[in-house]
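J.: One structure follows; several queries about it will come next.
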Amino acid sequence: MEIKEEYFHLLRRAEQNTSNGLIEMVREQPARLQDERTPLAELMEFILRTALQERASDIHFEPLEQEVRIRLRINGQMKPFFQNMPWQLYGNLLSRLKIICGLDIAERRLPQDGRFSFSLQKGKNLDVRVSIVPMINGEKIVLRLLNNQDSFKSLEQLDFSSVNYELLRQKCSSGSGAVLLSGPVNSGKTTALYGILSLLNREGNNIISIEDPVEYRIEGVNQIQVNEKIGYTFEMALRAVLRQDFDCLAVGELRSMETADMLITSALTGRRVFATIHTPGAVKTVFRLLDMGIKPYLLVSAVSLIVGQRLVKRLCPYCRVVYSPEAAGAESSFLGEQAGGRSAVLYRHRKGGCAMCGYTGYGGRIAVQEVLSMDGGVAEAVMGGAKADDLEAVAMKCGMIAMRQDGIEKALAGELELAELMRLF
Ligand SMILES: [Zn+2]
């Protein structure tokens, strides 16, 4: 209630004070959000701070016919935040944001991207990535709050089971070859990539990463922001960095055959290569690469490891509720052999949560993973032209813990709700 009142108070103040336009604020250099204490800046700061408190990852400003709605993405789900931002005020806010990001305020028909930094307290900044896309009712803004909770974690904090963690740590820190991180949109692959880079980020290593966009800055890693607009593409950056004497190369997303080809070549010349790829799982990634035209013998010699990952809501450890699934219910059949000898004890969120989880019952998100090691029987099966199901079976026989299994282990440990996991499989 209080938050709402404060919002409306700031909204009204901003409305009264910004009707005379923003032209005077235009400047050569991108400004910082808090350079001027205008009512509009105050409103914007209030929205950002409140979103941070709510542990949101994104803020959406959605133009409806009459007004603009603001929604937040919290724990992966969209939640209503504020309604009723009047159009004129929204127009001013949009212009202000474009100025802060150094974008073209006159451009209203084409998408624009930018970023700005927001000082939270002394020495602590919040980086915000801005995407503006024209919709039928007007331009929609999505702000991604970059260093809020999920965006940067060390390898230890990435939810890998101890077996998978050890495998990943070993393959990433010694030897050569490519490590691929696969998953759909919002599956935490980029966060995992950053976790690995931070592990390798030592004085003796020259690490170059090519990203679009750079989501988090890591001191000591040479990060390249590609810029398709001026023709600085992934491929161009890749060709150029081959002469930059690197030990480790990371590529934000493996999309084209040309990128894949260059990565494979680099991996084969004894360098460590990391890339994210948009596929639903580790085994599927193998077939995606084959479909791209990569020869099986090159794939098995260049790729050392493929990680598949998804995110689900993490249960709040302070208020989760223990229960036993019905003996013949859907949950028991999903658990199957897994729960085996153990008397299955599961956990679910408490409705209304507790103070520790902001009364939601959940606390952020947790990854469920599978790690496919490209050697032994798996390599033989790929060379032998195995089909997807067969390859999965071989991989599991060789010790891969499938994502579903990993998720079940985490559900039995009380880290996630089985119902959440069942939605994925
Ligand atoms: Zn709680």
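The values are calculated or read from the model by the stated rules, or taken from the named source; none is laboratory data. Everything numeric in this text was worked out from a predicted model, so none of it was measured. Cβ: placed from backbone, ideal geometry, glycine included. Neighbour counts: every protein chain shown.
J.: Give the residues of the stretch 350-409 that are among the small types (Gly, Ala, Ser) and over 25 Å from Phe160 (Cβ atoms), sorted by residue number.
T.: Gly352, Gly353, Ala355, Gly358, Gly384, Gly385, Ala386
J.: For the stretch 104-123, name all the residues that are in contact with a Ser or Thr (Cβ under 8 Å, 6 or more places away or on another chain) and in a loop (DSSP other than H, G, I, E, B).
T.: Residues satisfying the conditions are Ile105, Pro111.
J.: Still on this structure, I have one more. With the structure loaded, tell me whether Thr265 is of a type in the set (Ser, Thr, Tyr), in contact with a Phe, Trp or Tyr (Cβ under 7 Å, 6 or more places away or on another chain) and without any contact (Cβ under 8 Å) to a residue 60 or more places away in the chain or whether it fails that test.
T.: Working: of a type in the set (Ser, Thr, Tyr): yes; in contact with a Phe, Trp or Tyr (Cβ under 7 Å, 6 or more places away or on another chain): no; without any contact (Cβ under 8 Å) to a residue 60 or more places away in the chain: yes.
Criteria not met by Thr265.
Each row is one residue, and each column tells you yes or no for (1) touching a strand residue (DSSP E or B) at 6+ places or on another chain (Cβ under 7 Å); (2) under 30 Å from Gln77 (Cα atoms); (3) surrounded by fewer than 21 Cβ atoms within 10 Å (Cβ to Cβ).
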site	(1), (2), (3)
Val371	yes, yes, no
Gly377	no, no, yes
Ala395	yes, no, no
Gly399	no, no, yes
Arg404	no, yes, yes
Ile408	no, yes, no
Leu416	yes, yes, no
Phe425	no, yes, yes
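J.: Does Gly270 count as in contact with a strand residue (DSSP E or B) (Cβ under 8 Å, 6 or more places away or on another chain) and more than 30 Å from Glu417 (Cα to Cα)? Before you say what the answer is, go through the steps one by one.
T.: Details: in contact with a strand residue (DSSP E or B) (Cβ under 8 Å, 6 or more places away or on another chain): no; more than 30 Å from Glu417 (Cα to Cα): yes.
It is false that Gly270 is in contact with a strand residue (DSSP E or B) (Cβ under 8 Å, 6 or more places away or on another chain) and more than 30 Å from Glu417 (Cα to Cα).
J.: Let me ask something additional. Taking into account only those residues within the stretch 152-173 that are hydrophobic (A, V, I, L, M, F, W, C) and assigned to a loop (DSSP other than H, G, I, E, B), which is modelled with the highest pLDDT? Talk me through it step by step, then tell me what you get.
T.: Filtering the stretch 152-173 for residues hydrophobic (A, V, I, L, M, F, W, C) gives 152, 155, 158, 160, 163, 167-168, 172.
Going one step further and asking which of them are assigned to a loop (DSSP other than H, G, I, E, B), we end up with 152, 158, 160.
Numbers: Phe152: 68, Leu158: 91, Phe160: 96.
This residue is Phe160.
J.: Failed condition for Ser95, given (1) closer than 29 Å to Glu253 by Cβ; (2) outside any loop (DSSP other than H, G, I, E, B); (3) touching a residue at least 12 places away in the same chain (Cβ under 8 Å), with all others met?
T.: (1)
J.: Of all residues in the stretch 161-175, count the ones that are polar (S, T, N, Q) and in contact with a Leu (Cβ under 8 Å, 6 or more places away or on another chain).
T.: The qualifying residues number 1.
J.: What are the residues in the stretch 255-304 that are out of contact with any Gly (no Cβ under 9 Å at 6 or more places or on another chain) and of a type in the set (Ser, Thr, Tyr), if any?
T.: Ser256, Thr259, Thr265, Ser266, Thr269, Tyr297
J.: Does Val303 satisfy the criteria of being buried (at least 19 other Cβ atoms within 10 Å of the Cβ) and touching a Pro at 6+ places or on another chain (Cβ under 6 Å)?
T.: On the way: buried (at least 19 other Cβ atoms within 10 Å of the Cβ): yes; touching a Pro at 6+ places or on another chain (Cβ under 6 Å): no.
No: the conditions fail for Val303.
For (1) among the aliphatic types (A, V, I, L, M); (2) within 28 Å of Ala302 (Cα to Cα), each residue gets a yes or a no:
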residue: Arg115; (1), (2): no, no
residue: Ile132; (1), (2): yes, no
residue: Val142; (1), (2): yes, no
residue: Arg169; (1), (2): no, yes
residue: Pro184; (1), (2): no, yes
residue: Lys189; (1), (2): no, yes
residue: Ala192; (1), (2): yes, yes
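J.: Would you mind finding the one in Arg310, Arg314 that is within 16 Å of the ligand (Cβ to nearest atom), within 28 Å of the chain's Cα centre (by Cα) and either surrounded by fewer than 18 Cβ atoms within 10 Å (Cβ to Cβ) or assigned to a strand (DSSP E or B) (or both)? Even if it seems obvious, please write down each step before you answer.
T.: Values: Arg310 fails: within 16 Å of the ligand (Cβ to nearest atom).
Exactly one residue qualifies, and that residue is Arg314.
J.: Can you give me the ranges of the strands (runs of 3 or more DSSP E) entirely in the stretch 319-425 with at least 3 residues that are among the aliphatic types (A, V, I, L, M) and more than 16 Å from the ligand (Cβ to nearest atom)?
T.: Details: elements: 321-323, 346-348, 362-373.
By residue number, 362-373.
J.: For Leu315, are the conditions met, namely being in contact with a helix residue (DSSP H, G or I) (Cβ under 6 Å, 6 or more places away or on another chain) and either among the acidic types (Asp, Glu) or outside the structural domain of Arg73 (by TED's automatic domain parsing) (or both)? Write out each step before concluding.
T.: Numbers: in contact with a helix residue (DSSP H, G or I) (Cβ under 6 Å, 6 or more places away or on another chain): no; either among the acidic types (Asp, Glu) or outside the structural domain of Arg73 (by TED's automatic domain parsing) (or both): yes.
Judged against the criteria, Leu315 is not a match.
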